[in-house]
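Report on one structure; see the data block that follows.
The values are calculated or read from the model by the stated rules, or taken from the named source; none is laboratory data. Here the structure is a predicted model, which means the values were calculated and not measured. Glycine also receives a Cβ, built like all others from the backbone with ideal geometry; neighbour counts cover every protein chain displayed. Remember, those area values only see protein heavy atoms, side chains included, never the ligands or the DNA or RNA. Shrake-Rupley method; radii C 1.70, N 1.55, O 1.52, S 1.80 Å.
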Amino acid sequence: MQEEEWERVIDTNLKGAWLMAREVGSQMIEYNISGRIINIASVIGVKTSAKRVLAYSVSKAGLVSLTQSFALELAEKGICVNAIGPGFFPTELTQIVFEDAERSKRNADQTCIGRNGEMEDLDGPLLFLCSEASRYVTGQVLMVDGGFTAK
């Protein structure tokens with residue numbers, strides 16, 4: 001991996017989330033608004049493998065720590081900070097794998113549920129973390145991975 005690629009991934013996944021949470025948190029504090037900040041982490045942030053891209057894994061692991069750090073800083077202001085850790089979902093970056101039935105099945109077989117994620121699978125967890133039902137939840141990463149991290 002070239003240094004420029006490393007910096008691009010870290011800047012996008014970690015620095016971008018830091019800048020956004022910093023700005024949103026500051027505005028929420030300034031206007032005395034309680035609420036939620038939700039980051040998008042990844043299962044790769046807590047369970048990596050040699051076949052994963054190093055910078056992506058490191059950036060998502062950093063995002064897990066960033067989520068916890070902001071949760072500590074903002075809790076007293078009534079702001080809960082959490083993250084969702086998606087497993088294998090169809091995205092622009094994973095399209096090539098989903099187009100290969102064998103590779104896609106191999107990923108699905110690594111989950112307890114036996115299938116890959118569908119975008120709708122993120123709706124409920126996201127709504128939970130944004131709702132009052134999660135008012136006592138902060139600094140957490142909710143893995144939405146079909147049991148990948150449990151295997």
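Place a label point 7 angstrom from the Cα of Glu5 along the Cα-to-Cβ direction, then list the residues of segment 53-92 whose backbone nitrogen is under 12 Å away.
53-56
Can you give the convex hull volume per residue for the Cα atoms of segment 51-119, as a whole number of Å³?
120
Could you give the alpha-carbon Rg of segment 91-151 over 2.2 N^0.38 Å, rounded to two decimals? Write down the numbers at each step before the final one.
Working: Rg = 14.0 Å, N = 61, 2.2 N^0.38 = 10.5 Å.
Compared with the compact-globule rule of thumb, segment 91-151 sits at 1.34.
Which FRET efficiency, nearest 0.05, do Leu126 and Val53 yield, Cβ-Cβ r, R0 41 Å?
It comes to 0.95.
Would you work out the charge dipole size for the chain about its Cα centre, treating the Cβ of every Lys and Arg as +1 and the Cβ of every Asp and Glu as -1, and quote it to the nearest 20 debye?
480
Straight-line reach from Lys47: which lysines fall under 24 Å, measuring Cα to Cα and dropping same-chain residues less than 8 apart?
The qualifying lysines are Lys15, Lys60, Lys105, Lys151.
At 1.4 Å probe size, with the rest of the protein present, what percent of the exposed accessible area of segment 7-107 is carbon and sulfur atoms?
Working: 3310 of 5910 Å².
Summing carbon and sulfur atoms, their accessible area is 56 percent of the total for segment 7-107.
Calculate, in nm to one decimal, what Glu118 and Ile33 gain on full extension: separation in residues at 0.36 nm each, minus their alpha carbon distance. Mind dumping the intermediate values first?
On the way: separation 85, 0.36 × 85 = 30.60 nm, distance 3.27 nm.
Additional length available on full extension: 27.3 nm.
Once label points are set 7 Å from the Cα along Cα→Cβ at both Leu72 and Phe98, what is their separation, rounded to one decimal in nm?
Reported label-point gap for Leu72 and Phe98 is 3.7 nm.
If N is the number of residues in the chain, what value comes out of its Cα radius of gyration divided by 2.2 N^0.38 Å?
Expressed relative to 2.2 N^0.38 Å, the Cα Rg reads 1.10.
With a 1.4 Å probe and all protein chains in place, put Tyr31, Tyr136, Tyr56 in order of accessible area, largest first.
Working: Tyr31 140, Tyr136 215, Tyr56 80 Å².
I get Tyr136, Tyr31, Tyr56, largest accessible area first.
With a 1.4 Å probe and all protein chains left in place, how much accessible area per residue does the chain have, in Å²?
About 62 Å² of surface per residue is accessible.
Let me check against my output: what whole-number percent is the relative contact order of segment 54-133, with C-alpha pairs under 8 Å and at least 6 apart?
Result for segment 54-133 is 22 percent.
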